[in-house]
Amino acid sequence: MNDQKLADGNYNITISTKATLRYDGQVTWEPPAIFKTLCQIDVRWFPFDEQQCYFKFGSWTYSDNLLNLEFLDGEARYELEMNENGALDNITVVEEGIDLSDYYPSVEWDIMSRIAKRHAKNYPTCCSDGTYIDIMFYLELRRKPLFYTVNLVFPCIGISFLTIVAFYLPSRSGEKITLCILTLVALTVFYLLLKDIIPATSIALPLIGKYLLFTMIMVSLSVLVTVISLNLHFRRPATHQMPSWVKWLFLGILPKMLFMRRPTIAEVFHKAGGQRVENMIINRCERKVSCDACADENTQINEQIQKLYRSPHVIKAFENVCFIAELLKKKDRDAMIDEDWKFVAVVLDRLFLLIFSITSFSGTALILLQAPSLYDTRQAID
């Protein structure tokens, strides 16, 4: 027997049993044995993967005239198969090649098929004196995904969609960056816990590994975008001047595309308590006040009032009023610019809320739903 695929390299019978001798000279010996074989695992679709494993039984020493292997029962069909030397070999195929009457169902794998093939091969390069018989049993296994779906996929999807919630959280709450960092830390800890569950291989990236990498990129980008949004929210007119293209894009174009409408000052004060906004408007006045600017031309002012208007105290009072008016007007302008920056941050949050929502849903569907086993409608035979 070829021991190249045996995990322990030992195929000797460990328990000796008695043979059965019939009256016609037929001897039957059925010793129990445990064979451990290696199976190359394809982890591309883990945890929704299917594996192909095979067991090969044959002899390198005895040809068919000394040792012949046959199937006990089963409906067989005959085919021709080309070998590695380009020659055609006669093979016998049995669909139900493995008896599962004593098989104990696995908690992790389902058996999808159990085909057996009997080969009659000639080896002209080394052994040209006869035909050698071998039987190969092919097992098609499908992983049961319930455990990994509940403990791997669903938590990862939940962490991925937490990035969307961060863009819905108001900037003034002061918790946006905290939520993003906590999400990134949770994903990192989750990834460290999963490294012992995910098969360690560099041949192919597992499906769950692709989704974890996608989620890590999304969470990292959400931290970056949140930092930019908070930077815009807390900008002040004294330190930053809003460019014209920012006004055109974030105050004019994007709000219409995102179905956003900025409340007017009148609506804000109406909701606050019906206060009138006329007292917010302060008319422009000159720094230097004269009597002609303070009196109507068509009104006769007596000498005493004219002296009062020419009084240095009154002129100083008017100058102070004009200074206060200019100061309040500047404060109102700064407040409007401040509100513009905050609205730009809100528009940016709404924009990336939409982008990250579409990306998260589409990325989750495109990555997780590409596993072929999800569309395999065959029933397990065990």
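The values are calculated or read from the model by the stated rules, or taken from the named source; none is laboratory data. Keep in mind it's a predicted model, so treat the numbers as computed, not measured. Here the Cβ positions follow ideal geometry from the backbone for every residue, glycine too, while neighbour counts run over all protein chains shown.
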Worksheet entry | the stretch 1-50 - residue that is modelled with pLDDT of 85 or more and basic (Lys, Arg) and, of those, surrounded by the most Cβ atoms within 10 Å (Cβ to Cβ) | 44
Discussion item. Yes or no: the stretch 190-203 includes at least one residue that is surrounded by fewer than 17 Cβ atoms within 10 Å (Cβ to Cβ) and under 30 Å from residue 85 (Cβ atoms).
Written reply: yes
Worksheet item: Scanning for something at pLDDT below 85, in a helix (DSSP H, G or I) and not aliphatic (A, V, I, L, M), does the stretch 253-267 turn up at least one residue?
Response: yes
Worksheet entry | Residue under evaluation residue 341, criteria (1) outside any loop (DSSP other than H, G, I, E, B); (2) at pLDDT below 80, criterion not met | (2)
Worksheet entry | Which numbered condition residue 69 misses (of (1) surrounded by fewer than 16 Cβ atoms within 10 Å (Cβ to Cβ); (2) out of contact with any Gly (no Cβ under 9 Å at 6 or more places or on another chain); (3) modelled with pLDDT of 80 or more; (4) not hydroxyl-bearing (Ser, Thr, Tyr)) | (2)
Worksheet item: Quick check: anything in the stretch 118-125 in a strand (DSSP E or B) and of a type in the set (A, V, I, L, M, F, W, C)?
Response: yes
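Name every residue in the stretch 125-150 that is under 30 Å from residue 197 (Cβ atoms) and either touching a residue at least 24 places away in the same chain (Cβ under 8 Å) or of a type in the set (Gly, Ala, Ser) (or both), in order of residue number.
To start, the set of residues in the stretch 125-150 that are under 30 Å from residue 197 (Cβ atoms) comprises 137-150.
Correct list: 137, 138, 139, 140, 141, 142, 143, 144, 145, 147, 148, 149.
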Discussion item. Scan the stretch 198-219 and tell me whether some residue there is touching a helix residue (DSSP H, G or I) at 6+ places or on another chain (Cβ under 8 Å) and of a type in the set (Gly, Ala, Ser).
Written reply: no
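Inside the stretch 72-98, can you point out the residues that are part of a loop (DSSP other than H, G, I, E, B) and modelled with pLDDT under 85?
The answer is 72, 73, 74, 75, 83, 84, 85, 86, 87.
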Worksheet item: Which residue out of 108, 75, 81 is closer than 30 Å to residue 186 by Cα and assigned by the TED database to the domain that holds residue 28?
Response: 108
